[in-house]
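Have a look at the structure below before the remarks.
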Amino acid sequence: NFQAKEDAMFVQVTVTIAIFTAVFLMCNLPGFILQLTYFLGQFAQFKVDDVMIESRFLWWYSHIVFYFFCGLLNAAINPFLYFSRMPNYRNWTTEQTLNVQKMNRTTSTPPPSFTLSVSRTKASV
């Protein structure tokens, strides 16, 4: 019985690592390939710019899409993967959310605001 639970946990962890790796590769592989083609284009007869000029989209937006957007997409997907695949993270997140909601309901007075009062003095002439 203990061995079966341990095997099930091992399979779950393996699948989770595989999913995270696949998402990372899907989000970052286009940028790696673009950079590799630039690097190899330095030593080959073709130039990447010649290929990219034919496609207006690639010419103007390839760096933004492949480096910026795909990296942000990976960062945006990760919390959802954590929440869906890791029960401890899901329980902790739910607990913290409920604690914040409970604190907001119990405090009826707003927190004190700190103001800086500056007293003006007349300079002696």
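The values are calculated or read from the model by the stated rules, or taken from the named source; none is laboratory data. Since we're looking at a predicted model, the values are computed, not measured. Note that we place each Cβ from the backbone using ideal geometry, even for glycine, and neighbour counts take in every protein chain shown.
For this structure, a couple of remarks:
- Checking Gln42 against (1) closer than 22 Å to Gly71 by Cβ; (2) loosely packed, with under 11 Cβ neighbours inside 10 Å; (3) at pLDDT 75 or above, the condition it does not meet: (1)
So that you can scan it fast, the table gives a plain yes or no per residue for (1) part of a helix (DSSP H, G or I); (2) at pLDDT below 85; (3) in contact with a Phe, Trp or Tyr (Cβ under 6 Å, 6 or more places away or on another chain):
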site	(1), (2), (3)
His63	yes, yes, no
Phe66	yes, yes, no
Ala76	yes, no, no
Phe80	yes, no, no
Arg90	yes, no, yes
Thr97	yes, no, no
Pro112	no, yes, no
Thr115	no, yes, no
